[in-house]
Amino acid sequence: MTDSAAVKELVSKCLAARGFAYCPYSHFPVGAALLTTGGAVITGCNVENASYGLSVCAERTAVQRAVAEGYTEFTAIAVTCDVEDSFVGPCGACRQVLLEFGQQWDVYLVKPDSSFRKTSLLDLLPLAFSPSHLGRK
């Protein structure tokens, strides 16, 4: 994705989504914004639970919201947290969930000051197990 306006929107919306995070246990708010192939932006934040295993990451929240709204094709995601001194990527589980919906994603790792680093899903999850291994896509 090279459209700077779309990148700015993704960055802005993932930062805003971080503000809605429900993280009373970790105190680690995360926001995500997905860009669909049609240009819609779907956001998500992390939602924790007292039974820690039931917590859901921001990236997976965004994917679940998108699918529930009828979107299954994406071109980019922006992810942010409160870490100021380095770029933080999605956890391994989220990387695998993102891969379910395609391999050619741009991933923008965003710091609280809106600076970002662009990478790709395949760079974050090399030698990934994908739906193609099951003859699905």
Exercise. Given the conditions (1) surrounded by fewer than 15 Cβ atoms within 10 Å (Cβ to Cβ); (2) touching a residue at least 12 places away in the same chain (Cβ under 8 Å); (3) over 24 Å from PRO131 (Cα atoms), report the number of the one that PRO29 does not fulfil.
Key: (1)
Quiz item: In the range 63-71, is there at least one residue being out of contact with any Cys (no Cβ under 9 Å at 6 or more places or on another chain) and open to solvent by less than 50 Å² (accessible area, probe 1.4 Å)?
Solution: yes
Quiz prompt | Checking TYR52 against (1) among the aromatic types (Phe, Trp, Tyr); (2) touching a residue at least 40 places away in the same chain (Cβ under 8 Å); (3) farther than 17 Å from GLU9 by Cα, the condition it does not meet | solution = (2)
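Determine whether LYS118 is at pLDDT 95 or above, open to solvent by 80 Å² or more (accessible area, probe 1.4 Å) and more than 17 Å from VAL41 (Cα to Cα). Reasoning before the result, please.
Values: at pLDDT 95 or above: yes; open to solvent by 80 Å² or more (accessible area, probe 1.4 Å): yes; more than 17 Å from VAL41 (Cα to Cα): yes.
Judged against the criteria, LYS118 is a match.
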Self-check item: Count of residues meeting criterion [at pLDDT 95 or above and open to solvent by 20 Å² or more (accessible area, probe 1.4 Å)] in the range 1-22
Solution: 11
Quiz item: VAL88: without any contact (Cβ under 8 Å) to a residue 60 or more places away in the chain, in contact with a strand residue (DSSP E or B) (Cβ under 9 Å, 6 or more places away or on another chain) and under 22 Å from THR36 (Cβ atoms), yes or no?
Solution: no
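Within the range 91-113, how many residues turn out to be open to solvent by less than 60 Å² (accessible area, probe 1.4 Å) and over 21 Å from GLY39 (Cβ atoms)? Step through it out loud before you land on a result.
Taking the range 91-113 as the starting set, the residues that turn out to be open to solvent by less than 60 Å² (accessible area, probe 1.4 Å) are 91-95, 97-99, 101-102, 105-112.
When the remaining residues are screened for being over 21 Å from GLY39 (Cβ atoms), the result is 91-95, 97, 99, 109, 111-112.
So the answer is 10.
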Exercise. Please list, ordered by first then second residue, the pairs with beta carbon atoms under 7 Å, 6 or more apart or interchain, first in the range 58-85 and within 20 Å of CYS23 (Cβ to Cβ) and at pLDDT 95 or above, second in a loop (DSSP other than H, G, I, E, B) and open to solvent by less than 10 Å² (accessible area, probe 1.4 Å).
Key: GLU59/PRO90; ILE77/TRP105; VAL79/PRO90
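The values are calculated or read from the model by the stated rules, or taken from the named source; none is laboratory data. This is a predicted model, so every value here is computed, not measured. Positions of Cβ are generated from backbone atoms using ideal geometry, with glycine treated the same way; all protein chains shown enter the neighbour counts. With ligands, DNA and RNA removed, areas are computed over all heavy atoms of the protein, side chains included. Shrake-Rupley method; radii C 1.70, N 1.55, O 1.52, S 1.80 Å.
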